[in-house]
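Remarks on the structure that follows.
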Amino acid sequence: MKVQRFLPRDRFPSLLDRLSEAGYDILGPQVRDHAIVFDTLASVDQLPLGITDEQAPGHYRLSASSSGRYFDWATGPQALKPLTFVPREPLWTSETRDDGTLVFRESPPEARPTAVIGVRACDLAALAIHDRHFLHGAVPDPHYRARRESLFLIAVNCSRSADTCFCIATGDGPRVRYGHDLALSELDDGFVVEAHTGRGRDLLDSLATTEVTLDQLQAAEAGSAQAADQQHRRLPAGSLPDQLQAAVAHPHWQDLNDRCLTCGNCTSVCPTCFCQTHVDERSLDGREAHHARQWETCFNPDHSYIHGVTIRAERPQRYRQWLTHKFGTWVEQFGRSGCVGCGRCITWCPVGIDVTEELAALCQAPDTAPGQAPDTAPGPVSGAAPDRQEPGDD
């Protein structure tokens, strides 16, 4: 059962105190290298107070906000993915002994209890997808499991959207619905706090909160409604898997050849992409070998290298693979698309490719008159996230 209380702004630091006393390392949003990323948090003074973001295709800027709030920004380049599916990690080491025998040693994952403050609805939706892939398959990933189970997640309901956000179209936001322990709705004078798990309720009970008023609840709801109203990007109506399958030979794929750099920025910032490769590195004396897993991207020609042949040798083929998998065949794998509408791929593309515009172009007939746009959907489309409660929430 959901429990709601109000935490006055001057008591907000006590949240960090209780988390620290409970033994958690704390991560929170901070300004680093002109962007907002998660980093070690020791004080609320490190949070981006009075900072907002400006996002557009290929554009990200931070500026001062007149709101005086900690979470008056949409998303940064980093979601939860680096905390659970880390960019590079050792899996095992082999050593050649003097007698010529080989010894193999596992590299256990490093996982400490970690509380993350400032998680958004789109990030939780992406985490649920990763849980299905890494935890609920035939062979659960022990490294992912150790890090995932160590997390205490404190979400924040968005009260504003960036120009690139479209979580309404995928059904994943802007209000959090599942996958978190606590949820915060920031108001000028404090936070409406909702507990969604047993340990979330235990932490909430330890805080000096007050009864939440009807006005405060209505203000929190108005903030989420405002974030939804600010979104203008849409996805094509109908079944995207079917439309993308029919568009395999669409001439628009070749148009992308003149724009896409195949740099992999979109897959790096995407909270759901999980392509990986494995590498082996030997010591200089040849006695030790280290086997590691690291992020890969389907924009890398080597990703489709099989038996001496690069299957997707041309750039348009690699973009087609990414887009049709993300919005099409992903539905067959996970029952929904692989997009959560965070808009990061649009913001962080160095040439400003907008995935919603590409889908609109591909879902119309090649001979459509110039300027004639296809129908667009104002809400979730086929393959979007259903309105559900994830296992583990109560």
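For the stretch 1-14, how many residues meet the condition of being part of a strand (DSSP E or B) and not β-branched (Val, Ile, Thr)? First the steps, then the outcome.
Keep residues of the stretch 1-14 that are part of a strand (DSSP E or B), which gives 3-8.
Now narrow it down to the ones that are not β-branched (Val, Ile, Thr): 4-8.
Of the residues in the stretch 1-14, 5 are part of a strand (DSSP E or B) and not β-branched (Val, Ile, Thr).
Restricted to strands (runs of 3 or more DSSP E) entirely inside the stretch 15-120, those with at least 1 residues that are open to solvent by 50 Å² or more (accessible area, probe 1.4 Å) and closer than 30 Å to residue 350 by Cα are 25-32, 35-40, 51-56, 59-64, 88-96. Of the residues examined, residue 287 is not one that is more than 24 Å from residue 245 (Cα to Cα), open to solvent by less than 60 Å² (accessible area, probe 1.4 Å), basic (Lys, Arg) and outside the structural domain of residue 253 (by TED's automatic domain parsing). Number of residues in the stretch 263-273 that are part of a loop (DSSP other than H, G, I, E, B) and surrounded by fewer than 21 Cβ atoms within 10 Å (Cβ to Cβ) equals 2. Here the helices (runs of 4 or more DSSP H) wholly within the stretch 139-224 that include at least 1 residues being open to solvent by 50 Å² or more (accessible area, probe 1.4 Å) and among the basic types (Lys, Arg) are 142-149, 198-205. Determine, yes or no, whether residue 208 is over 14 Å from residue 123 (Cα atoms), modelled with pLDDT of 95 or more and touching a Leu at 6+ places or on another chain (Cβ under 6 Å). Answer is no for this residue. Residues of the stretch 332-350 that are outside any loop (DSSP other than H, G, I, E, B) and under 18 Å from residue 168 (Cα atoms): 344, 345, 346, 347. Residue-level check: of (1) modelled with pLDDT of 90 or more; (2) over 16 Å from residue 236 (Cβ atoms); (3) assigned to a helix (DSSP H, G or I), residue 357 misses just (2).
The values are calculated or read from the model by the stated rules, or taken from the named source; none is laboratory data. Worth saying up front: this structure is predicted, and the values here are computed from it rather than measured. In this analysis, Cβ positions are derived from the backbone assuming ideal geometry, glycine residues included, and neighbour counts consider all displayed protein chains. For accessibility, only protein heavy atoms count, side chains too; no ligands or nucleic acids. Shrake-Rupley method; radii C 1.70, N 1.55, O 1.52, S 1.80 Å.
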